[in-house]
Amino acid sequence: MARKIEVIHTADRDSSMNLPYAPTIKVTGGSLLFLAGVTAAKVYHNHPHIESEFDHIPEGVSEQTRMALENVRKGLEAGGGTFSDIVQVTRFLTDIDQQDELNQVWWEYFGDHRPGTATIEVSRLAAHPKLKLELSAIAVVD
């Protein structure tokens with residue numbers, strides 16, 4: 001089968017937003033699903049960023065983790081996958097000491113499934129200084 005790369009959008013896509021990335025990419029002839037880095041912010045937001053789009057972001061890493069994982073879920077479902085299809089996640093945290101708090105929410109979504117992960121401390125995330133974590137994932141579907 002010839003390789004096909006398809007950009008996947010979730011049902012809540014706002015096509016008026018100019019994103020500099022694909023939120024989710026599906027590769028058939030291999031059935032890989034690549035999920036762009038997501039945070040607690042809405043996946044579809046303006047670029048350049050508008051401050052008010054981040055007003056709803058909570059301060060706590062647990063709440064931000066839950067919101068980011070819900071964004072991951074939307075991408076997975078749009079591409080025909082589930083959390084059990086994820087094979088790799090890169091996790092960026094602005095404070096590595098909050099990793100245990102992230103993990104408590106993490107297991108609510110992944111249960112016994114254990115994808116490969118890399119957790120990296122960064123000084124800041126690209127979208128907004130209020131954001132504390134970003135997740136990027138690869139899943140195998142079909």
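Lysine pairs in segment 20-140 with alpha-carbon atoms under 19 Å apart, 8 or more places apart or on different chains: how many are there? Count of close lysine pairs: 4.
Between beta-carbons, use under 11 Å as the cut-off and find the net charge around ASP85, counting Lys and Arg +1, Asp and Glu -1.
Numbers: positive: none; negative: GLU77, ASP142.
It works out to a net charge of -2.
Per the Debye formula on identical point scatterers at the alpha carbon atoms of segment 4-140, with no solvent, log10 I(q)/I(0) at q = 0.13, 0.14, 0.21, 0.22 Å⁻¹ is -0.53, -0.61, -1.36, -1.46. Our coupling estimate for segment 107-117, obtained by passing each phi through the Karplus curve with A = 6.51, B = -1.76, C = 1.60 and θ = phi - 60°, is 5, 4, 8, 9, x, 7, 6, 10, x, x, 9 Hz, Gly and Pro reported as x.
Largest mean-square fluctuation among GLY111, GLY80, GLY60, in a Gaussian network model of the chain whose springs join Cα atoms under 10 Å apart, belongs to GLY111.
GNM remark for the chain: springs join alpha carbons under 10 Å apart, and the peak mean-square fluctuation among SER62, SER31, SER52 falls on SER52. Distant-in-sequence amide contacts of ILE8, defined by a placed amide H-H separation under 5 Å and a gap of 5 or more residues or a different chain, comprise THR24, ILE25, LYS26.
Taken together, the values in this text are just the output of simple stated rules run on the coordinates, not laboratory data. What you see is a predicted model, and the numbers here were worked out from it, not measured in a lab. Reconstructed Cβ throughout: ideal geometry from the backbone, glycine too, with neighbour counts over all protein chains shown.
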